[in-house]
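Below is one structure; the comments refer to it alone.
The values are calculated or read from the model by the stated rules, or taken from the named source; none is laboratory data. Treat the numbers as computed from the prediction; the structure is a model and nothing was measured. Here the Cβ positions follow ideal geometry from the backbone for every residue, glycine too, while neighbour counts run over all protein chains shown.
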Ligand code: NAP
């Protein structure tokens, strides 16, 4: 029987996920479909029920629905429980099980792109306190980062995150430089530096030259942050792998196959 998967988001038209999953479904010759559905928050629950009734096998969930879908699931894997947010749902016998593969996306991207990187070696600095930053923080904690320093334009949001997790220290957005001293890693999880958004203005002089720099922004792939970091000798990791690895793990939950990231897929996503 054909497996139907739907992506729920609002808006959803910008998402690269249909392209990625349709590529893998074709590659593995699966009898499956993947469609993006824009769902306003007030219609989320009824849409989920309609899709369950219509025999959908799974859901992909994106902004702004990840937390609400978590509350609508019947069961969760450990990572979804820890995150309080779900980006993948498997539907079986009318019941929804929620997964969170965003954290895997972040950690796997670093593992694959920087295999010698040791999360445990020192403090990690995270810029931002939105959904992406939350997944990054959870990934860092899971990998044993001894300290996480977080700075966000709206400090209260960083303080809320710090309340939820141990080992988090909040720094002023205007004083990010202080957070960079003896850091092992810097992650930009704000939308600054993204095409069409403001530049990320940051002075990297206090950052050790062996600290790894990762940008969650992947449009453009080589952000100003990564270029500046590379020029001063820091190892850098782009954000595209985060997207692709979270998708791989989601695909595996629906279809039992861990798909590969090949050059053709990468160039399609970046086009
Ligand atoms: P979000 O929840 O809307 O959070 C946006 C973050 O950016 C907040 O911390 C916000 O600060 C900050 N920000 C926005 N404009 C700013 C400005 N002018 N000055 C300073 N800070 C600003 O979004 P998100 O889902 O976390 O996504 C953040 C970025 O990560 C986006 O660019 C997204 O494309 C990227 N992302 C990439 C992946 C991947 O797979 N590579 C996955 C998820 C997200 P305030 O709290 O002060 O508003």
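Just one of (1) touching a residue at least 40 places away in the same chain (Cβ under 8 Å); (2) farther than 21 Å from residue 130 by Cα; (3) in contact with a helix residue (DSSP H, G or I) (Cβ under 9 Å, 6 or more places away or on another chain) trips up residue 55, so point out which.
(3)
For the stretch 119-132, how many residues are within 10 Å of the ligand (Cβ to nearest atom), in a helix (DSSP H, G or I) and at pLDDT 95 or above? Steps first, please.
First pass over the stretch 119-132, keeping only residues within 10 Å of the ligand (Cβ to nearest atom): 126-132.
Then keep just the ones that are in a helix (DSSP H, G or I); that gives 131-132.
Filter again for at pLDDT 95 or above, leaving none.
Looking only at that region, the number is 0.
Looking only at the stretch 219-235, filter to residues that are under 19 Å from the mean Cα position of the chain (by Cα) and surrounded by fewer than 22 Cβ atoms within 10 Å (Cβ to Cβ); which one of those is modelled with the highest pLDDT? I'd like the intermediate steps shown before the answer.
Filtering the stretch 219-235 for residues under 19 Å from the mean Cα position of the chain (by Cα) gives 219-223, 225-226.
Filter once more, keeping what is surrounded by fewer than 22 Cβ atoms within 10 Å (Cβ to Cβ): 219-222.
Details: 219: 89, 220: 93, 221: 93, 222: 96.
This residue is 222.
Just need a number here: residues in the stretch 77-95 that are touching a helix residue (DSSP H, G or I) at 6+ places or on another chain (Cβ under 7 Å) and under 22 Å from residue 50 (Cβ atoms).
Step one: list which residues in the stretch 77-95 are touching a helix residue (DSSP H, G or I) at 6+ places or on another chain (Cβ under 7 Å), which gives 79-80, 82-91, 94.
Next, from what is left, pick out any that are under 22 Å from residue 50 (Cβ atoms): 86-91, 94.
Summing the residues that are touching a helix residue (DSSP H, G or I) at 6+ places or on another chain (Cβ under 7 Å) and under 22 Å from residue 50 (Cβ atoms) in the stretch 77-95 gives 7.
Taking the criterion of being assigned to a helix (DSSP H, G or I), free of Cβ contacts under 8 Å to residues at least 12 places away in the same chain and surrounded by fewer than 15 Cβ atoms within 10 Å (Cβ to Cβ), would at least one residue in the stretch 98-113 satisfy it?
Quick first cut of the stretch 98-113, residues assigned to a helix (DSSP H, G or I) only: 102-113.
Those left that are additionally free of Cβ contacts under 8 Å to residues at least 12 places away in the same chain: 111.
Right, trim to surrounded by fewer than 15 Cβ atoms within 10 Å (Cβ to Cβ) and you get none.
Scanning the stretch 98-113 turns up no residue that is assigned to a helix (DSSP H, G or I), free of Cβ contacts under 8 Å to residues at least 12 places away in the same chain and surrounded by fewer than 15 Cβ atoms within 10 Å (Cβ to Cβ).
Consider the stretch 148-184. How many of its residues are closer than 22 Å to residue 219 by Cβ and more than 15 Å from the ligand (Cβ to nearest atom)?
Narrowing the stretch 148-184 to residues closer than 22 Å to residue 219 by Cβ: 152-153.
If we keep only those that are more than 15 Å from the ligand (Cβ to nearest atom) too, we end up with none.
Counting residues in the stretch 148-184 that are closer than 22 Å to residue 219 by Cβ and more than 15 Å from the ligand (Cβ to nearest atom) gives 0.
Can you name the number of the only condition in (1) buried (at least 19 other Cβ atoms within 10 Å of the Cβ); (2) away from the ligand (no atom under 15 Å from the Cβ); (3) more than 26 Å from residue 122 (Cβ to Cβ) that residue 252 fails?
(1)
Take the conditions part of a helix (DSSP H, G or I) and modelled with pLDDT under 95 and apply them to residue 116. Does it pass? Give the steps one after another, and end with the answer.
On the way: part of a helix (DSSP H, G or I): no; modelled with pLDDT under 95: yes.
Judged against the criteria, residue 116 is not a match.
Anything in the stretch 221-239 that is in contact with a helix residue (DSSP H, G or I) (Cβ under 9 Å, 6 or more places away or on another chain) and either within 16 Å of the ligand (Cβ to nearest atom) or assigned to a helix (DSSP H, G or I) (or both)? List them, or say none.
Listed by number, the residues that qualify are 221, 222, 236, 237, 238, 239.
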